[in-house]
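Asks: Okay, here's the structure, questions in a sec.
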């Protein structure tokens with residue numbers, strides 16, 4: 001008896017899968033151009049690997065497996081490369097920006113009262129676009145850590161596995177990302 | 001008892017949202033928060049940010065469902081794939 005063999009039809013990939021794969025990559029990375037590149041890289045790698053396709057899983061499952069690996073590789077590269085956030089105060093160690101040598105808050109990073117915090121709508125388009133641009137300024141790995149933890153609500157352990165970082169590294173990443181995010185929101189919205 | 005620095009206190013505050021602190025760390029953190037204005041502000045704003053981010057999830061789920069790859073990107077990817085196939 002023969003089991004059903006799946007076949008590949010690369011000419012239909014874009015029509016059939018590109019939108020859903022893009023949405024999937026967006027949910028993991030939150031960055032449009034990055035998500036587009038990941039989808040394209042997935043198709044390219046898939047074309048290179050056509051001969052390796054055994055037909056025991058569906059075309060869709062096979063493509064998603066490649067995409068998930070691409071996302072994982074991206075984060076792995078991003079966390080080993082030391083990314084400097086695109087900020088006027090760019091520092092390899094944001095600790096020097098936020099804290100002085102005695103590790104106390106230093107100006108201009110000292111948290112101030114958020115005056116309009118009581119009376120603003122977090123759902124407003126204006127606020128969401130400030131929040132998005134502040135998130136976009138975070139290095140990719142930090143952005144992903146924040147996204148997976150607080151937006152998607154994943155367990156810390158699962159996030160560490162996906163980003164391939166230790167839990168203590170994960171705590172440091174979240175701390176730095178939150179320092180930067182808070183500062184960005186304060187300067188661009190609450191001040 | 002060792003008094004925490006602001007850098008350490010804000011770190012422990014974030015860590016507390018992710019995992020359980022030791023008894024000593026919790027006591028040190030509470031002590032620091034009681035006397036430090038900057039860190040108290042940091043803490044309440046940090047929690048506010050978390051709730052804003054959690055809120056994004058519901059907004060995002062709606063928009064992810066109708067998220068589409070732009071036509072330009074599709075054309076570009078299509079062209080790249082064609083070039084690739086030609087060269088194979």
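Asks: Compute the label zone of residue A:113 within region A:171-187: residues whose backbone N is under 18 Å from the point 7 Å along Cα-to-Cβ.
Replies: So the set is A:186-187.
Asks: Quote the relative contact order of chain A in percent (integer), defining contacts as alpha-carbon pairs under 8 Å separated by 6+ residues. Let's see the in-between values first.
Replies: Working: 144 pairs, mean separation 41.5, N = 191.
About 22 percent, as a whole number.
Asks: Give the average, rounded to an integer, of partner chain Cβ atoms located within 10 angstrom of each Cβ in A:11-22. It would help to have the intermediate numbers written out before the result.
Replies: Values: counts 4, 0, 3, 7, 2, 0, 1, 6, 5, 3, 1, 7.
If you average over the peptide's residues, the count of other-chain Cβ atoms is 3.
Asks: Let me ask something additional. Cα extents of region A:95-190 along the three principal axes, largest first, in whole Å?
Replies: 38, 38, 20
Asks: Below 8 Å between Cα atoms, with a sequence gap of 6+, how large is the relative contact order for region B:1-55 in percent?
Replies: 38
Asks: So how much slack lies between residue A:164 and residue A:100, counting 0.36 nm per residue of separation and subtracting their Cα-Cα distance, in nm? Write out the running numbers ahead of the final one.
Replies: Details: separation 64, 0.36 × 64 = 23.04 nm, distance 3.09 nm.
Full-extension gain reported as 20.0 nm.
Asks: Calculate the FRET efficiency for residue A:189 and residue A:73 from the Cβ-Cβ distance with a Förster distance of 41 Å, rounded to the nearest 0.05. Let's see the in-between values first.
Replies: Values: r = 35 Å, r/R0 = 0.84.
Using R0 = 41 Å, I get an efficiency of 0.75.
Asks: Under a point spin-label approximation (7 Å from Cα along Cα-to-Cβ), what is the residue A:58-residue B:83 distance to one decimal in nm?
Replies: Label-label distance for residue A:58 and residue B:83, simple model: 3.2 nm.
Asks: Same structure again: Order of B:57, A:54, A:149, B:41 from fewest to most other C-beta atoms within 10 Å?
Replies: A:54, B:57, B:41, A:149
Asks: Using 0.36 nm times the number of residues separating residue A:120 and residue A:20, minus their current alpha carbon distance, what extension gain do you get? Walk me through the numbers on the way to the answer.
Replies: Details: separation 100, 0.36 × 100 = 36.00 nm, distance 3.41 nm.
Contour length minus Cα-Cα distance gives 32.6 nm.
Asks: On a 0 to 90 degree scale, rounded to 10, what angle separates helix B:23-35 from the longest Cα axis of chain B?
Replies: Tilt of helix B:23-35: around 80 degrees.
Asks: Let me ask another. May I have the extent of the alpha carbons of region B:6-87 along their three principal axes, as whole Å values ordered from largest to smallest?
Replies: Ordered largest first, region B:6-87 gives principal extents of 67, 30, 22 Å.
Asks: On a C-alpha basis, how far is the centre of region B:50-77 from the centre of region A:157-191 in Å? Whole number, if you could?
Replies: A separation of 21 Å, based on Cα centres.
Asks: Can I ask one more? Using alpha carbons only, how many degrees (0 to 90, rounded to 10) separate the axis of helix A:167-185 from the longest principal axis of chain A?
Replies: 60
Asks: Follow-up. Return the Rg/Rh value of region A:10-80, two decimal places, where both radii are evaluated on C-alpha atoms and Rh is the Kirkwood radius. Each step should come with its number before you reach the end.
Replies: Values: Rg = 12.0 Å, Rh = 12.4 Å.
In region A:10-80, Rg relative to Rh is 0.97.
Asks: Over the protein assembly as shown, what per residue volume does the convex hull of the Cα atoms give, in whole Å³?
Replies: Working: hull volume 46.1 nm³, N = 279.
Expressed per residue, the convex hull around the Cα atoms of the protein assembly as shown is 165 Å³.
Asks: Treating the angle as unsigned and between 0 and 90°, give the value, to the nearest 10°, between the Cα long axis of helix A:59-80 and the longest Cα principal axis of chain A.
Replies: Relative to chain A, helix A:59-80 is tipped by roughly 30 degrees.
Quick note: the coordinates plus some simple rules give every number you see, no bench work behind them. What you are looking at is a predicted structure, and each value in this text was computed from that prediction instead of being measured. With ideal geometry, Cβ positions are generated from the backbone for all residues, glycine too; neighbour counts draw on all protein chains shown.
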